[in-house]
1. In the stretch A:151-269, which helices (runs of 4 or more DSSP H) lie fully inside it and hold 3 or more residues that are within 30 Å of B:Met59 (Cα to Cα)?
2. Take the stretch B:277-328 and flag every residue that is in a loop (DSSP other than H, G, I, E, B) and over 23 Å from B:His368 (Cα atoms).
3. Residue pairs, Cβ under 9 Å, 6 or more apart or interchain, first in the stretch B:365-389 and among the aromatic types (Phe, Trp, Tyr), second part of a strand (DSSP E or B). List them.
4. Under 30 Å from A:Ile110 (Cα atoms), touching a residue at least 40 places away in the same chain (Cβ under 8 Å) and not hydrophobic (A, V, I, L, M, F, W, C), is that true of A:Thr243?
5. Which of the residues belonging to the stretch B:159-196 are among the small types (Gly, Ala, Ser) and in a strand (DSSP E or B)?
6. Just one of the numbered conditions (1) surrounded by fewer than 23 Cβ atoms within 10 Å (Cβ to Cβ); (2) among the aromatic types (Phe, Trp, Tyr); (3) farther than 22 Å from A:Leu255 by Cβ is not true of B:Tyr264; which one?
7. Inside the stretch A:1-28, can you point out the residues that are of a type outside the set (Ser, Thr, Tyr), more than 9 Å from every other protein chain (Cβ to nearest Cβ) and farther than 22 Å from A:Met76 by Cα?
8. Counting only residues that are free of Cβ contacts under 8 Å to residues at least 40 places away in the same chain and within 17 Å of B:Gly230 (Cα to Cα), which one in the stretch A:116-130 is nearest to the other protein chains (Cβ to nearest Cβ)?
Amino acid sequence: MITEIIIYGLSLGSIYALVALGLVLIFRATEIVNFAQGEMMMVSAFVYFSLYSSGMGVFPAVVLTLLFAVVLGTVMNQLVSRPLIGKPIFASIMATIAISILFRSLVGIIWTHEDLYIDPSVSMILHDFGWFRMSPYQGLIITVALAMVVLLYLFLKYVKLGIGIKATAENPTAAELVGIPIKRVYLTVWIIASVISAVAGILIAPQSGLHTTMGTRLGLKAMPAAVLGGFGSIPGAIVGGITLGILESLAIVYLPTEVYDVFPWVVLILVLLIKPDGILGTPEVKRV
Amino acid sequence: MENLKAVVIAIILIVVIVLLFMFKAEEVSPGITDTEEVTPGVTDTEVLIGNIQDLSGPMAYLGGELKHGAELYFRHVNESGGVYGRKIKMITEDHQYNPAMSLGAAKKLLDQDGVFCLFNVIGTAPATALFDLVQEREIPLIAPATNASTMSNPFKRYVFATDTPYDAQGRIMSNYIVGRGDTDIKFGAIYQDDDFGKDCLKGIREGAEAHGIEVVGEEPFQRGGAPEFGPQLTSLREAGATHIFLALVLETVHVLKTAEAMGYSPQFLGFAPASDPKVAQAAGTAAEGFITNIYMVPPSHPTHPSAVLYRELLAKYDPEHTPGFYNFYGFAGAQVLAEGLNLAGEDLSRERLVSGMEKMKDFKGSPHPSITYGSIDRAGGTETILLQVTNGAPSPITGFVGEG
């Protein structure tokens, strides 16, 4: 049984990890804490729902949704991120919270405030693999999440623009001085974050259903996932998201019903007490 | 010195403001008391009632439907000459499903609009927020739009519930399970961790206790929690649950689908909100055999007088509007209120509406099971219709059944 529970946690945690990844990426490059990350996922999930329901097939619907995510990322960069760069962190928090509320209302007006359901394109039936049981759907979520992480890693390590992102994250002024086009870096980061969120939205929609608040639920879990892994660390976001998902699933089964909901938060506090920079975070040293 | 001057000015300002408020409160208060001579909201030609809905919050869709349905019936009453010649006029305020805003809306309706009574406040928490206000100011609140047992229990003189409460629904479904001959029963429950879910859970526990059935697992779910029911279901399966009650609304779909994927097939039972055909439709094959219940006849009922009248009026006044359960639910509440106004007599006051409602015995003029109120009975309906999903749609397997 325990392996089954862990796999539930793993697939849920993969989704947390994807949303957290977007969050961390934006924070690293722009120092903006994007409270609308979950909502960006939600908007893309609704777009996918409409495209898929029109009967165009899964593949074209996914491609068009990802294109939409590119546009959404660009718009967020131009209208939200640009004016906020270099401003106090509170300004970015308030602005992105406002955007998240705006997105929820807009989606409610354009689509509906009610729950919508979408069929999974792969089977959700659990298959027996001897010592564990897993559905093709869970397998897909975990594989896609893993693939996104590997792609992102390769991009940051080997592609020039990706290296530019890392450089900008380290020191934007120096990066600009050595000729890195930091405006293009910011734009790229927002587009990547938006696309990753869209992937998470498409993956989770058959399981969670579509609702204007689905992004808030997941976005709020991505925050502690990012913190758990060390806010600002990309591998940390993955480790944090998956840890949170597994802890949550185990807590539901093995802890009394009264306490299981707070359990992941207790772990979060403990981790922060012992290692304030998160599991994979590195202590930030400020030179005076 | 500068500081002292500022402090003095501030104190004077505060005193002036406080005095202004006291003066204003004194001015308003005579209007609030309900004297026998002048009943607010009632003239020879009109009775003004206050309706509070969710028009822009999470249940905005339902709120709009309820309002529309109630207006449909009032329009019919008014065009047939009204109640004792008085036309029913309804003013609707929006509470966005927020209890604090519900209270504000009620005060606005009473103090500014001067309504006679309150009608059909949607939601358990927003309706509960009004209990103290209606008790203190002796305002009847008719047909709050919720199945919560707390509307009628404990007794509140001014609150008249119409729907068979959730706890009774749980007990009636338990009776049904035992009555149809299921053996080796072990109950499990997944419930929404709020007033609604806990009310259902109370009924499940009481139903189990009445038949000596063990409840092997109770799993709370928070709207806003993880959208994953695998762990809860695994836990219930390990505990050996054979019958699982789902005190959820739309999440019911996810639970049914997850259980199907796991190859786990206990008898699932749901409460009134899950009887929406959309739930069965969305869950597809996973919903086959799912038992729910409903506290009034559906708008599509072929012969029930209320359902027939509803469809006629909708076709006459608003043929564009799609018939629907919640639209009919607003209509149903309006039928109960209109009957109460009728029983209250020509010389209308708030106290006479209360005694008029108390005179209602075995009333069958609404889609609810027969409604009876008494001097200490505010429960309205006590029976429910059980439904079971077959071929993708919930269909009735009983008529109205009570706990007896």
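1. It comes to A:182-208, A:214-229, A:234-254.
2. Restricting attention to the stretch B:277-328, the residues satisfying the condition of being in a loop (DSSP other than H, G, I, E, B) are B:288-290, B:295-304, B:318-324.
B:Glu288, B:Gly289, B:Asp318, B:Pro319, B:Glu320 - these are the residues of the stretch B:277-328 that are in a loop (DSSP other than H, G, I, E, B) and over 23 Å from B:His368 (Cα atoms).
3. Correct list of pairs: B:Tyr373/B:Phe160; B:Tyr373/B:Phe363; B:Tyr373/B:Ala379; B:Tyr373/B:Gly380.
4. Numbers: under 30 Å from A:Ile110 (Cα atoms): no; touching a residue at least 40 places away in the same chain (Cβ under 8 Å): yes; not hydrophobic (A, V, I, L, M, F, W, C): yes.
Judged against the criteria, A:Thr243 is not a match.
5. Filtering the stretch B:159-196 for residues among the small types (Gly, Ala, Ser) gives B:161, B:168, B:170, B:174, B:179, B:181, B:188-189.
Within the stretch B:159-196, B:Gly188, B:Ala189 meet the criteria.
6. (3)
7. Of everything in the stretch A:1-28, those that are of a type outside the set (Ser, Thr, Tyr), more than 9 Å from every other protein chain (Cβ to nearest Cβ) and farther than 22 Å from A:Met76 by Cα turn out to be A:Ile2, A:Ile6, A:Leu10, A:Gly13.
8. Residue satisfying both the conditions and the ranking: A:Ile125.
The values are calculated or read from the model by the stated rules, or taken from the named source; none is laboratory data. Computed from a predicted model, the values in this text were never measured in an experiment. Cβ sites come from the backbone with ideal geometry, for glycine too, and all protein chains shown count toward neighbours.
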